[in-house]
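Undergrad: The structure under discussion is supplied below as structure tokens; questions concerning it will follow.
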Amino acid sequence: MEFNAPAGRNLFDEARVIGKPHTRIDGPLKVSGRAPYAYERHDVAADQLVGYPVVSSIAQGRVTAIDTAAAEASPGVRGVVTTLETGEMPKPFSQNVAPLFGGERIFHYHQALAVVVADTLEQARAAAALVRIDYAPDEGSYDMEARWDALRDDASDPVARVGDFEGAFAAAEVTLDEDYRTPAHSHAMMEPHASIAEWRDGRLTVWTSNQMIAWNRQSLATTLGLDPEDVRVDSPYVGGGFGGKLFLRADAVLASLAARKLGRAVKVALPRPMVINNTTHRAATIQRLRIGANRDGHITAIAHTAVSHTLPGGSGENAVDQTRHFYAGANRLIVNHLAEMHLPEANAMRAPGEASGLMALEIAMDEMAEKLGMDPVEFRAINDVQVHPEDAGRPYSDRNFVACLREGAAAFGWESRNRNPGGRREGDWLIGHGLAGAYRGSPVLASGARIRLTPEGGLIVETDMTDIGTGSYTILAQTAAEVMGLGIDRVEVRLGDSDFPVAAGSGGQFGGPSSTAGVYAACLALRAEIARRIGANDAEALVFADGAVTAGSETRTLAEIAAGEEIAAEDSISFGDFRDAAQVATFGAHFVELAVHALTGEIRLRRMLAACDAGRILNPVTARSQVIGGMVMGVGAAMMEELAPDTGRGFFANHDLAGYEVPVHADIPVQEVIFLDTLDATATPMKAKGIGELGLCGVAAAVANAVYNATGVRLRDYPVTLDKLIDRLPAA
């Protein structure tokens, strides 16, 4: 099925199931411990051995020798696989910058160099400590701050240039020119990267934790020199990913190599320090914002320059992208620099680009509003656009940012906010209010599914789509139930198996809208097959409701049509070029109230509100869960999360969940989410857009703006922590 024109009125506009609140159908499995996560799948392969990684203790250089004798003689050890014996292996995927294993070259700290396999985890871990590695170290580059002075004014290779920014900025009545810093972030998902690998008759099966099954399958085949048809990947439950499990990682490669060598199933999980230094993270950024405006608040010039770090050949963090799309300004300059360094690999993390970019842009917008003496809501509203700021001929498919600001402000009580920074106190606490705008694109990918009508009249949905905690199981079941006229309790959803049709996968806010559209396409194929079987000439004229099909005056149940057999149909959806004529995106506004202790600088959130514009909301329960989860992550980015690089040795020193702090329940107050009742016919046949990353975008800036409002202290260097406030607080 090709989606090649905006959706007209369809069955989703009369929905019984889609758009209605429904708790997660996989929830009982998860809360009872019965959901099969990768490392705990004890039943999928017999006699599983346990591998423990050995990783590099330098960031750059070569391995000259590996001594495994003591490890191999250790109790319970069945074997060791080393990078030297394996030799160089193909890079698995275009998005993987550093090799995952093989050869003598070391590209980053904690690169996998060996795996020790034993009967138990304890035996493997103890023996891994006995492996001795000799190195020939090289010098590396690990300090991005040292690069900034040379890049700050460099606009020689802009991403975009419209009009005469320099002239308009010089002529502007009100201007801002400030630098902002965001640190590197870890995905810090609950479930570490983990895989079980087994070879049977030359075919490899990997039970793993991965967001993108088809990518992972192809990457394994490329790395190991296999035909993709000889690789099966299975990942029905993923304990969080946030982009950290988009690509093949070392756990699956090590498990596969060890299982092949030993002829037994092998499981490997990466310990938390290796999750942080061996896999990927969000790159740190330094950003410069220059904004010029007339006295009436209309932006006349805007420039955003950023630098982020990356391994050679990588893409870093595109922190300038949202500035291209979000606010007006006839004269524009966008510059994105990459500082090639040798820290562990930077790659995608939830809302890549926008999450970091809005941390800077939305503080700058607040600073401009203050310079202009304007309400921050009004300043943003008058600089809203309905066509792309760089291309007046390209409209937004549906943009309701101002409605987010207005409805959010009304629900939050913005009119009663503190209007004098540092001027509202309750006892020892300074009270502040902040807001930020949110922007995130809404891409889609081709996505397929297979639908099986069982002899009993129920449905089985099969697709390699994943559920990383987002609610995929539930919204796909709702989609199938809606299209086929069944209750959601009659639908079973099977996910994450590469033997199923290829779906979009989970990432980039494309998973929900793409995969539901793919299930819709497959259901239409099943409806057509049912029409053929009952002799109906027009499948679109059939009415599917209450587990039955009505053709004219005749009604038959789905079970009667199945007649003791299974009826299956398969299809996928692809998205036509017509979408390129418009900018398809999601929008939001975040509001925060907090208190800062006047003596200690301690920050305590009080309440948060998000107003979101994301097209049709497929399930308000799971969508709200996505948004409040993003808000929590934004609080972490604002107040505590920071990977601290050792700029001498080239690694992140706080590489565990004791040193890398994330929000806990006590940090998060009441959260309210408002969904605008909108539809975007250009987005998908269901008129829905992604929402999994919108909830994060802008939150950190809303917190930072609220801290300024409470204290009068403007911080432009995240995280906003008390040590940066305490000597600048108003007199107690």
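Undergrad: Quick one: count up the residues across the range 669-682 that are touching a strand residue (DSSP E or B) at 6+ places or on another chain (Cβ under 7 Å) and open to solvent by less than 40 Å² (accessible area, probe 1.4 Å).
TA: Narrowing the range 669-682 to residues touching a strand residue (DSSP E or B) at 6+ places or on another chain (Cβ under 7 Å): 669-676, 678-680.
Retained after the next criterion (residues that are open to solvent by less than 40 Å² (accessible area, probe 1.4 Å)): 669, 671, 673-674, 676, 678, 680.
Within the range 669-682, residues that are touching a strand residue (DSSP E or B) at 6+ places or on another chain (Cβ under 7 Å) and open to solvent by less than 40 Å² (accessible area, probe 1.4 Å) number 7.
Undergrad: Output the residue which, of all residues in the range 589-629 that are touching a Leu at 6+ places or on another chain (Cβ under 9 Å) and in a helix (DSSP H, G or I), is surrounded by the most Cβ atoms within 10 Å (Cβ to Cβ).
TA: Filtering the range 589-629 for residues that are touching a Leu at 6+ places or on another chain (Cβ under 9 Å) and in a helix (DSSP H, G or I), the one surrounded by the most Cβ atoms within 10 Å (Cβ to Cβ) comes out as V627.
Undergrad: So which residues in the range 432-459 are within 29 Å of G239 (Cα to Cα) and assigned to a loop (DSSP other than H, G, I, E, B), if there are any at all?
TA: Taking the range 432-459 and keeping what is within 29 Å of G239 (Cα to Cα), we get 438-452, 458-459.
If the condition is that a residue be within 29 Å of G239 (Cα to Cα) and assigned to a loop (DSSP other than H, G, I, E, B), then S442, P443, V444, L445, A446, G458 are the ones that fit.
Undergrad: Assess whether G427 counts as being at positive phi, over 24 Å from the mean Cα position of the chain (by Cα) and open to solvent by 10 Å² or more (accessible area, probe 1.4 Å). So that I can check it myself, show each step before the final result.
TA: Values: at positive phi: yes; over 24 Å from the mean Cα position of the chain (by Cα): yes; open to solvent by 10 Å² or more (accessible area, probe 1.4 Å): yes.
Spelling it out, G427 is indeed at positive phi, over 24 Å from the mean Cα position of the chain (by Cα) and open to solvent by 10 Å² or more (accessible area, probe 1.4 Å).
Undergrad: With L435, L453 as the choices, which residue is touching a strand residue (DSSP E or B) at 6+ places or on another chain (Cβ under 7 Å), of a type outside the set (G, A, S) and more than 30 Å from E370 (Cα to Cα)? Full working, then the answer.
TA: Details: L435 fails: more than 30 Å from E370 (Cα to Cα).
Exactly one residue qualifies, and that residue is L453.
Undergrad: Among the residues of the range 633-672, write down those that are under 28 Å from A595 (Cβ atoms) and of a type in the set (S, T, Y).
TA: Once the filter is applied, which keeps residues that are under 28 Å from A595 (Cβ atoms) and of a type in the set (S, T, Y), the range 633-672 yields only Y660.
So that you can scan it fast, the table gives a plain yes or no per residue for (1) in contact with a Ser or Thr (Cβ under 7 Å, 6 or more places away or on another chain); (2) assigned to a loop (DSSP other than H, G, I, E, B); (3) not hydroxyl-bearing (S, T, Y):
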{"residue": "R399", "(1), (2), (3)": "no, yes, yes"}
{"residue": "E407", "(1), (2), (3)": "no, no, yes"}
{"residue": "G422", "(1), (2), (3)": "yes, yes, yes"}
{"residue": "L430", "(1), (2), (3)": "yes, no, yes"}
{"residue": "V461", "(1), (2), (3)": "no, no, yes"}
{"residue": "G469", "(1), (2), (3)": "no, yes, yes"}
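Undergrad: Something else now. Which pairs have Cβ atoms under 9 Å, sit 6 or more apart or on different chains, and link a residue in the range 82-105 that is of a type in the set (D, E) to one that is surrounded by fewer than 20 Cβ atoms within 10 Å (Cβ to Cβ) and part of a helix (DSSP H, G or I)?
TA: The qualifying pairs are E104/L84.
Undergrad: Hey, any hits in the range 164-181 for a residue that's touching a His at 6+ places or on another chain (Cβ under 8 Å) and at pLDDT 95 or above?
TA: The answer is no, given that none of the residues of the range 164-181 is touching a His at 6+ places or on another chain (Cβ under 8 Å) and at pLDDT 95 or above.
Undergrad: Quick one: E340 ticks every box in (1) acidic (D, E); (2) farther than 19 Å from V385 by Cβ; (3) under 16 Å from the mean Cα position of the chain (by Cα) except a single one, so which number is it?
TA: (3)
Undergrad: Of all residues in the range 30-49, which are open to solvent by less than 50 Å² (accessible area, probe 1.4 Å), of a type in the set (A, V, I, L, M, F, W, C) and not in a strand (DSSP E or B)?
TA: Across the range 30-49, the qualifying residues are A35, A38, V44, A45.
Undergrad: Something else: Looking at the range 2-22, is at least one residue in contact (Cβ under 8 Å) with a residue 40 or more places away in the chain, among the aromatic types (F, W, Y) and in a loop (DSSP other than H, G, I, E, B)?
TA: The answer is no; no qualifying residue exists.
Undergrad: Can you tell me which residues in the range 503-548 are farther than 20 Å from L618 by Cα and among the small types (G, A, S)?
TA: If the condition is that a residue be farther than 20 Å from L618 by Cα and among the small types (G, A, S), then A525, A528, A531, G535, A536, A539, A541, G547, A548 are the ones that fit.
Undergrad: Condition (residue is within 17 Å of T23 (Cα to Cα) and open to solvent by 20 Å² or more (accessible area, probe 1.4 Å)) applied to the range 496-508: is it met by at least one residue? Quick ask: steps written out before the conclusion?
TA: We begin by selecting, within the range 496-508, every residue within 17 Å of T23 (Cα to Cα); these are none.
No, there is no match, as no residue in the range 496-508 is within 17 Å of T23 (Cα to Cα) and open to solvent by 20 Å² or more (accessible area, probe 1.4 Å).
Undergrad: Another question, if that's okay. Does any residue in the range 222-235 that is free of Cβ contacts under 8 Å to residues at least 12 places away in the same chain come within less than 8 Å, Cβ to Cβ, of a residue that is not charged (D, E, K, R) six or more places away or on a different chain, and which pairs are these?
TA: Close Cβ pairs (under 8 Å, with a partner that is not charged (D, E, K, R)) amount to D227/A221; P228/Q218; P228/A221.
Undergrad: When you go through A258, A214 one by one, which is the residue that is open to solvent by 10 Å² or more (accessible area, probe 1.4 Å) and in contact with a Gly (Cβ under 9 Å, 6 or more places away or on another chain)? Spell out how you get there, then give the answer.
TA: On the way: A258 fails: open to solvent by 10 Å² or more (accessible area, probe 1.4 Å).
Every option except A214 fails the conditions.
Undergrad: Given the conditions (1) open to solvent by less than 50 Å² (accessible area, probe 1.4 Å); (2) outside any loop (DSSP other than H, G, I, E, B), which single one is not true for D154?
TA: Checking D154 against (1) open to solvent by less than 50 Å² (accessible area, probe 1.4 Å); (2) outside any loop (DSSP other than H, G, I, E, B), the one that fails is (2).
Undergrad: Separate question: Kindly check whether there is at least one residue in the range 186-196 that is surrounded by fewer than 20 Cβ atoms within 10 Å (Cβ to Cβ) and either in contact with a Ser or Thr (Cβ under 6 Å, 6 or more places away or on another chain) or in a strand (DSSP E or B) (or both).
TA: no
Undergrad: Search the range 270-301 for residues being in contact with a Gly (Cβ under 9 Å, 6 or more places away or on another chain) and polar (S, T, N, Q), and hand back the single one that is farthest from G353 (Cα to Cα).
TA: T300
Undergrad: Of all residues in the range 329-365, how many are open to solvent by 20 Å² or more (accessible area, probe 1.4 Å) and either under 19 Å from D177 (Cβ atoms) or modelled with pLDDT under 95 (or both)?
TA: Of the residues in the range 329-365, 4 are open to solvent by 20 Å² or more (accessible area, probe 1.4 Å) and either under 19 Å from D177 (Cβ atoms) or modelled with pLDDT under 95 (or both).
Undergrad: Here is a list: G512, G507. Which entry is at positive phi and either in a helix (DSSP H, G or I) or of a type in the set (G, A, S) (or both)? If you could, list the steps in order and put the result at the bottom.
TA: Numbers: G512 fails: at positive phi.
Checking each option against the conditions leaves just G507.
Undergrad: Also, I was wondering about something else. Test A702 against the stated conditions and say whether it is touching an Asp or Glu at 6+ places or on another chain (Cβ under 9 Å), under 21 Å from D613 (Cβ atoms), in a loop (DSSP other than H, G, I, E, B) and of a type in the set (G, A, S).
TA: Details: touching an Asp or Glu at 6+ places or on another chain (Cβ under 9 Å): yes; under 21 Å from D613 (Cβ atoms): yes; in a loop (DSSP other than H, G, I, E, B): no; of a type in the set (G, A, S): yes.
In short, no.
Undergrad: Further question: Taking only the range 641-698 into account, find how many residues are among the charged types (D, E, K, R), modelled with pLDDT of 95 or more and part of a loop (DSSP other than H, G, I, E, B).
TA: Filtering the range 641-698 for residues among the charged types (D, E, K, R) gives 641-642, 646, 649, 656, 661, 667, 672, 677, 680, 687, 689, 693.
Then keep just the ones that are modelled with pLDDT of 95 or more; that gives 641-642, 646, 649, 656, 661, 667, 672, 680, 687, 689, 693.
Applying the additional criterion that residues be part of a loop (DSSP other than H, G, I, E, B) yields 641-642, 649, 656, 661, 680, 687, 689, 693.
Residues in the range 641-698 being among the charged types (D, E, K, R), modelled with pLDDT of 95 or more and part of a loop (DSSP other than H, G, I, E, B): 9 in total.
Undergrad: Do you know which residues across the range 543-588 are outside any strand (DSSP E or B), of a type outside the set (A, V, I, L, M) and open to solvent by 70 Å² or more (accessible area, probe 1.4 Å)?
TA: The initial filter retains those residues of the range 543-588 that are outside any strand (DSSP E or B), namely 546-547, 552-553, 558-566, 576-582, 584.
This time we only want the ones that are of a type outside the set (A, V, I, L, M), so: 546-547, 552-553, 560, 564-566, 576-580.
Scanning the range 543-588 gives D546, G552, S553, E560, E565, E566, D577, D580.
Undergrad: Quick check on the range 683-698. Is at least one of its residues of a type in the set (S, T, Y), within 22 Å of K724 (Cβ to Cβ) and crowded, with 19+ Cβ neighbours inside 10 Å? Explain how you work it out, then say what you get.
TA: Initial filter on the range 683-698 (of a type in the set (S, T, Y)): 684.
Going one step further and asking which of them are within 22 Å of K724 (Cβ to Cβ), we end up with none.
Checking the range 683-698: not a single residue is of a type in the set (S, T, Y), within 22 Å of K724 (Cβ to Cβ) and crowded, with 19+ Cβ neighbours inside 10 Å.
Undergrad: Could I ask something else about it? For R62, indicate whether it is open to solvent by 50 Å² or more (accessible area, probe 1.4 Å), in contact (Cβ under 8 Å) with a residue 12 or more places away in the chain and either of a type in the set (A, V, I, L, M) or closer than 21 Å to M189 by Cβ (or both).
TA: no
Undergrad: Going through R9, R16 one at a time, which residue ends up being open to solvent by 50 Å² or more (accessible area, probe 1.4 Å), within 25 Å of R450 (Cβ to Cβ) and either at pLDDT 95 or above or among the aromatic types (F, W, Y) (or both)? Even if it seems obvious, please write down each step before you answer.
TA: On the way: R9 fails: within 25 Å of R450 (Cβ to Cβ).
Answer to the selection: R16.
Undergrad: Something else: Of everything in the range 105-138 that's among the charged types (D, E, K, R) and within 18 Å of D47 (Cβ to Cβ), which residue is most open to solvent (accessible area, probe 1.4 Å)? Give the derivation first.
TA: Taking the range 105-138 and keeping what is among the charged types (D, E, K, R), we get 105, 119, 122, 125, 132, 134, 138.
If we keep only those that are within 18 Å of D47 (Cβ to Cβ) too, we end up with 119, 122.
Values: D119: 63, E122: 110 Å².
The selected residue is E122.
The values are calculated or read from the model by the stated rules, or taken from the named source; none is laboratory data. The structure presented is a predicted model; accordingly, all values stated were derived computationally and were not measured. Because the Cβ atoms are built from the backbone with ideal geometry, glycine has one as well, and the counts that use them run over all protein chains shown. These area figures cover heavy atoms from the full protein model, side chains too; ligands, DNA and RNA do not enter into them. Shrake-Rupley method; radii C 1.70, N 1.55, O 1.52, S 1.80 Å.
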